[in-house]
Ligand code: ADP
Ligand code: MG
């Protein structure tokens, strides 16, 4: 059962400078099914549209970002619904309780002039009623304890916590109402190795204990290998490969995926890692055909002319590449 589904979504940043219009095709025709209960990874180099895709999944699409085409579906209480059919306020109520978002650089999300407890109060106050609302503090304390975090952080100001602890507190805040889906954007980037490990363990624990779905965006393929159960590889605003993580690593089908895996450091291997030659294309003027073809060592003339569709080549494993035969 899919908890979130995207159908051919195009979401572009439309900018106007001195009367000149620029369209950045950050999410350029993405169809995606997020099965309930997975830790679903989204990988790809910086600038390929990962963060924008997460905003689409959150259905937080504000100018200059525009939903140009496509549908966003949520399965709420067993019923699949088009987000555009939600009534006023419905989406707001689903935030934190159905879907939570941990934005990129979210260590700075906690209000710097408020104690952590006041931020918890704000979130809980707006969603709880009656008796539960009166017990908000014990709820917060209990939740932190469950996650193995010291409840004393509630009395702290964000700047008094380490970067790693701040990130874990942000994750605790995002999960206190037990959302069905957690969207996390690069939650370990900018943390040292020890803090990274603590954040990953926390996400694993939440997944195990709350039985939720996590969509995890990171450019770090090592983290995908460790944590995610399914993954999608993005390139220039599109998904170029998607499948079970073990299978993507064991037998990657897209040349771009192979490059990403090959550029991972390996224990004991001191040879220099081969990066991917060239740069991703500009999302303002994409090359014709397959967007990866200018960098692809195997590209043929067809790749430069026709765009390959994303097709299922094995059960649950999709790829968009002319070189892969079905
Ligand atoms: P990623 O998370 O993979 O690094 P993003 O989704 O952040 O990619 O960005 C995709 C493209 O959209 C980039 O070209 C980026 O410059 C552009 N972009 C992102 N946010 C904005 C914004 N608020 N306004 C204009 N362009 C943006
Ligand atoms: Mg990003």
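The values are calculated or read from the model by the stated rules, or taken from the named source; none is laboratory data. Model, not experiment: these values are computed from the prediction. FYI the Cβ positions are ideal-geometry reconstructions off the backbone, even for glycines, and counts take in every protein chain you see.
Within region 200-218, track down each residue that is part of a strand (DSSP E or B) and away from ligand 2 (no atom under 16 Å from the Cβ).
Scanning region 200-218 gives 213, 214.
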Report task. Being surrounded by 21 or more Cβ atoms within 10 Å (Cβ to Cβ) and more than 9 Å from ligand 1 (Cβ to nearest atom) is the filter; apply it to region 39-68 and report the residue that is nearest to residue 213 (Cα to Cα). Result -> 39
Query raised in the report: Restricting attention to region 1-39, which residues are under 15 Å from the mean Cα position of the chain (by Cα), more than 16 Å from ligand 2 (Cβ to nearest atom) and in a strand (DSSP E or B)?
Result: 3, 4, 5, 6, 31, 32, 33, 34, 35, 39
Query raised in the report: Does region 8-28 hold any residues that are touching a residue at least 40 places away in the same chain (Cβ under 8 Å) and over 19 Å from residue 240 (Cα atoms), and which are they?
Result: 13, 14, 15, 22, 23
Requested in this report: Report, by residue number, each residue of region 85-100 that is touching a residue at least 24 places away in the same chain (Cβ under 8 Å) and surrounded by fewer than 18 Cβ atoms within 10 Å (Cβ to Cβ).
Outcome: 91, 93, 97
**Report entry** Options 216, 286: the member that is under 26 Å from residue 55 (Cβ atoms), surrounded by fewer than 20 Cβ atoms within 10 Å (Cβ to Cβ) and at pLDDT 95 or above
**Finding:** 286
Report summary line: If we keep only residues of region 147-199 that are assigned to a helix (DSSP H, G or I) and loosely packed, with under 15 Cβ neighbours inside 10 Å, then the residue nearest to ligand 2 (Cβ to nearest atom) is 163
Report summary line: Scanning region 222-237 for residues that are surrounded by fewer than 23 Cβ atoms within 10 Å (Cβ to Cβ) and within 16 Å of ligand 1 (Cβ to nearest atom) gives 223
Requested in this report: Can you confirm whether region 219-232 contains a residue that is more than 22 Å from residue 102 (Cβ to Cβ), in a loop (DSSP other than H, G, I, E, B) and either touching a strand residue (DSSP E or B) at 6+ places or on another chain (Cβ under 9 Å) or within 16 Å of ligand 2 (Cβ to nearest atom) (or both)?
Outcome: no
Query raised in the report: Looking at (1) in a helix (DSSP H, G or I); (2) within 16 Å of ligand 2 (Cβ to nearest atom), which is the one condition that is false for residue 141?
Result: (2)
Query raised in the report: Can you name the condition, by its number, that residue 255 falls short on among (1) away from ligand 2 (no atom under 16 Å from the Cβ); (2) within 23 Å of residue 7 (Cβ to Cβ); (3) more than 14 Å from the chain's Cα centre (by Cα)?
Result: (2)
Report task. Please go through region 121-132 and pick out each residue that is farther than 15 Å from residue 178 by Cα, over 29 Å from the mean Cα position of the chain (by Cα) and in a helix (DSSP H, G or I). Result -> 130, 131
Query raised in the report: Taking region 48-81 as the region of interest, how many residues are assigned to a strand (DSSP E or B) and within 20 Å of residue 235 (Cβ to Cβ)?
Result: 4
Query raised in the report: Looking only at region 279-324, which residues are touching a helix residue (DSSP H, G or I) at 6+ places or on another chain (Cβ under 7 Å), outside any loop (DSSP other than H, G, I, E, B) and within 23 Å of residue 24 (Cβ to Cβ)?
Result: 293, 304
